[in-house]
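Asks: Would you mind keeping the following structure in view while I ask a few things?
The values are calculated or read from the model by the stated rules, or taken from the named source; none is laboratory data. This one's a predicted model, so the numbers in the text were calculated from it and none came from an experiment. Counting neighbours? That spans all protein chains shown, and the Cβs are built from the backbone with ideal geometry, glycine included. Remember, those area values only see protein heavy atoms, side chains included, never the ligands or the DNA or RNA. Shrake-Rupley method; radii C 1.70, N 1.55, O 1.52, S 1.80 Å.
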Amino acid sequence: MHDITRKIAQEGELVLLYGQDRKTFIIRLKSGSRLQSHKGILEHNSIIGTPIGSTILTHLGYRYHLLLPSWDDLLRNIRRSTQIVYPKDIGYILMKLGIRPGCTVIEAGSGSGAICTAFTGMVMPAGHVYSYDIRSDMTNLAERNLTALGLSDYVTFKTRDITHGFDEVGVDALFLDVPAPWHYLMQAHAALRGGGFLGFILPTTNQVSTLLTALENLPFGFTEVEEIMLRSYKVVPARLRPLDRMIAHTGYLIFTRALGTDESEEE
């Protein structure tokens, strides 16, 4: 058998506390701090130095499992002032846009920083993300969220109207999470490298139709429109069945590629 050394919780690290009632907390460990939960107090000093996967007790004897958070956990717990894009969509977006370590990526529509978090976590340590939003309250919130996750070195936030284009050129991928993306297609094309990936998320079919019409007359090709459904199941072996609620439509995903001005795809 392999001797696997157990990871130890370190000061400054983000950890996930999973309770008996399935309620969770994500905290950054800091010596001298404490978590005051509905089930008692947990001193950070009692967590620091404890092996990940251990069970820890509050002063009332309530049990929490000490775990490392997944990207899904982090995104679901992000501070938000707008509806975030769901992890079910974000994972697919990462794959379709070809985002990998070392990529340079632009997003327009910082929101609360959920997509930016996923992009940044994927491109680091050698890549970079540039996040644009016209509203300063959005870029400020997204920046605070990325800073709290320790990702701020890999992203640059810009409070600006993208009507006049992006500062960056030759980027690998660009994602537009804005209400009327057809107004910014040539700005996106100018920023992308040849063959670069362009993605969108839109809530309604009429918006998708308007976007597709605009794409037909511009140097883009290999366009796809998709939608992702996610069905969860009750985790009870004797009563395995779908949950009553389902995360169904959250948005239409559109993907296309930047082509040369004489290479537009012919239908």
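Asks: Using protein chains only and a probe of 1.4 angstrom, how many square angstrom of S33 are accessible, to the nearest 10?
Replies: The accessible area comes out at roughly 30 Å².
Asks: Now, a different point. Please determine, in degrees from 0 to 90 and to the nearest 10, the orientation of helix 87-96 with respect to the longest principal axis defined by the Cα atoms of the chain, where the helix direction is its Cα long axis.
Replies: 50 degrees
Asks: Separate question: Please state the charge dipole magnitude for segment 146-229, taken about the Cα centre, from unit charges on C-beta atoms (+1 on K and R, -1 on D and E), reported in debye and rounded to the nearest 20.
Replies: The calculation lands at about 200 debye.
Asks: Multiply the residue separation of H38 and K234 by 0.36 nm, subtract the distance between their alpha-carbon atoms, and state the gained length in nm to one decimal.
Replies: Here the answer is 68.0 nm.
Asks: Cα extents of segment 44-162 along the three principal axes, largest first, in whole Å?
Replies: In descending order, the Cα extents are 54, 29, 26 Å.
Asks: Compute the accessible area per residue over the chain, keeping the other protein chains in place, probe 1.4 Å, unit Å². Spell out each step's value before the answer.
Replies: On the way: 14330 Å² over 267 residues.
Per residue, the chain has an accessible area of 54 Å².
Asks: If you take all C-alpha pairs in segment 126-267, what percent of them are over 18 Å apart?
Replies: For segment 126-267, the share of Cα pairs beyond 18 Å comes to 65 percent.
Asks: Can you give the charge dipole size of segment 74-192 about its Cα centre, rounded to the nearest 20 debye, using +1 on the beta carbon of Lys and Arg and -1 on the beta carbon of Asp and Glu?
Replies: 380 debye
Asks: What's the magnitude of the charge dipole for the chain around its Cα centre, counting Lys and Arg as +1 and Asp and Glu as -1 at the beta-carbon? Answer in Debye, nearest 20.
Replies: Dipole about the Cα centre, nearest 20: 1780 debye.
Asks: Okay, next question. If we sort 26-32, 179-185 on the protection proxy, mean other Cβ atoms within 10 Å, highest first, what's the order?
Replies: Per-residue Cβ counts within 10 Å, averaged per peptide and sorted highest first, yield 179-185, 26-32.
Asks: Counting just the Cα atoms, what span does the chain cover along each of its three principal axes? Round to the nearest Å and put the largest first.
Replies: Principal extents (largest minus smallest coordinate, Cα): 68, 44, 44 Å.
Asks: With the cut-off at 27 Å, tell me which of the pairs K7/K30; K23/K88; K23/K234; K30/K158; K88/K234; K39/K234 have Cα atoms farther apart than that.
Replies: Flagged as over cut-off: K30/K158.
Asks: Can you give the FRET efficiency to the nearest 0.05 for T261 and V169, using r as the Cβ-Cβ distance and R₀ = 22 Å?
Replies: It comes to 0.90.
Asks: Quick check: at a probe of 1.4 Å, how many percent of the accessible area of the chain sits on carbon and sulfur atoms?
Replies: Accessible surface attributable to carbon and sulfur in the chain totals 52 percent.
Asks: Something else about it: Helix 114-123: angle to the longest alpha-carbon principal axis of the chain, degrees 0 to 90, nearest 10?
Replies: Result, in degrees: 90.
Asks: Debye sum, Cα scatterers, segment 105-164, no solvent: what log₁₀ I/I(0) at q = 0.14, 0.17 1/Å?
Replies: -0.30, -0.45
Asks: What 222 nm value per residue comes from the helices of the chain, counting each DSSP H run with n ≥ 4 as -39,500 (n - 2.57) and dividing by all residues, nearest 500 deg cm²/dmol?
Replies: The helix contribution divided over the chain gives -6500 deg cm²/dmol.
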